[in-house]
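Beneath this line is the structure, given in structure tokens, with notes to follow.
The values are calculated or read from the model by the stated rules, or taken from the named source; none is laboratory data. Since the structure is predicted, the reported quantities are computational estimates derived from the model, not experimental observations. We place every Cβ from the backbone using ideal geometry, glycine too, and count neighbours over all the protein chains shown. For the accessible areas, the whole protein counts, side chains as well, though only heavy atoms, and no ligand, DNA or RNA atoms are used. Shrake-Rupley method; radii C 1.70, N 1.55, O 1.52, S 1.80 Å.
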Amino acid sequence: MPSSAPDAAQLTARRPIMALLEQLGRKGTLRILWELRDGTPQSFRLLQANAGEMSPSVLNDRLKELRALQIVALAEEGYALTESGGELVKRLKPLNQWADRWFEGL
């Protein structure tokens, strides 16, 4: 059974972009990042509801992974993007704009 988050050795054995894309491709990861994009912390339950009622086990696993990778942090107010996580989401926004144009053309 795979571990919940890759360790440093696993990450350094790969190219950084591949490690990032692998993590982003895991079920629910992008949805969590997208729901946290505005910078407002969210409780587990609110994040679950906003993420399309993602199963608690998947949400919990992805949050553990994202916390281990220092992309998401848990504070008293709830889960929020770290500075690094905010930068990642900022870089995903042009992809979202492209996707909107692409989808309109289908």
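Using modelled backbone amide H atoms (1.01 Å from N, in-plane), which distant-in-sequence or interchain residues come within less than 5 Å of Val72's amide H?
Arg67, Thr82
In units of 2.2 N^0.38 Å, what is the alpha-carbon radius of gyration of the chain? Could the numbers behind the result be given before it?
Working: Rg = 14.3 Å, N = 106, 2.2 N^0.38 = 12.9 Å.
Ratio of Rg to 2.2 N^0.38 Å for the chain: 1.10.
At 1.4 Å probe size, with the rest of the protein present, what percent of the exposed accessible area of the chain is carbon and sulfur atoms?
Numbers: 3990 of 7320 Å².
Within the chain, the accessible surface is 54 percent carbon and sulfur.
What list of ³J(HN,Hα) values in whole Hz, one per residue of segment 76-86 in order, does the Karplus curve 6.51 cos²θ - 1.76 cosθ + 1.60 (θ = phi - 60°) give from phi, with Gly and Pro shown as x?
Working through the residues one at a time gives 4, 7, x, 7, 8, 6, 6, 4, 5, x, x Hz.
Step by step: find N for segment 67-106, compute 2.2 N^0.38 Å, then divide the Cα radius of gyration by it. What's the final number?
Rg over 2.2 N^0.38 Å, computed on Cα atoms: 1.57.
Please turn the phi angles of segment 98-106 into ³J(HN,Hα) values with the Karplus equation 6.51 cos²θ - 1.76 cosθ + 1.60 (θ = phi - 60°), one per residue in order, whole Hz, x for glycine and proline.
Karplus-based 3J(HN,Hα) across segment 98-106 equals 4, 4, 4, 5, 4, 5, 4, x, 6 Hz.
Counting heavy atoms of the protein chains only and a 1.4 Å probe, report the per residue accessible area for the chain as a whole number of Å². Let's see the in-between values first.
Numbers: 7320 Å² over 106 residues.
For the chain, the solvent-accessible area averages 69 Å² per residue.
With a 1.4 Å probe and all protein chains kept in place, how do Thr40, Thr29 rank by accessible area, largest first? Intermediate results must be reported in sequence, preceding the final value.
Details: Thr40 75, Thr29 0 Å².
So the residues, ranked largest to smallest area, are Thr40, Thr29.
Given only helices, namely DSSP H runs of n ≥ 4 each adding -39500 (n - 2.57), what is the per-residue ellipticity at 222 nm of the chain, to the nearest 500 deg cm²/dmol? Don't jump to the answer; show the numbers that get you there.
Numbers: 6 runs with 63 residues, N = 106.
Taken over the chain, the calculation gives -17500 deg cm²/dmol.
Name the residue farthest towards the positive end of the dipole of the chain from the options Met54, Trp98, Leu66, assuming +1 on Cβ of Lys and Arg, -1 on Cβ of Asp and Glu, about the Cα centre.
Positive-end residue among those listed: Trp98.
Just grab the label-to-label distance for Leu24 and Glu104, each label 7 Å out from Cα along the Cβ direction, in nm (one decimal).
Using points 7 Å along Cα→Cβ, the separation is 2.3 nm.
Along segment 24-29, what does the Karplus equation 6.51 cos²θ - 1.76 cosθ + 1.60 (θ = phi - 60°) give for ³J(HN,Hα), rounded to whole Hz, x for Gly and Pro?
5, x, 5, 3, x, 4
With a cut-off of 8 Å between alpha carbons and a minimum separation of six or more residues, what is the relative contact order of the chain in percent? Please report the intermediate quantities before stating the final value.
Numbers: 83 pairs, mean separation 28.7, N = 106.
After rounding, I find 27 percent.
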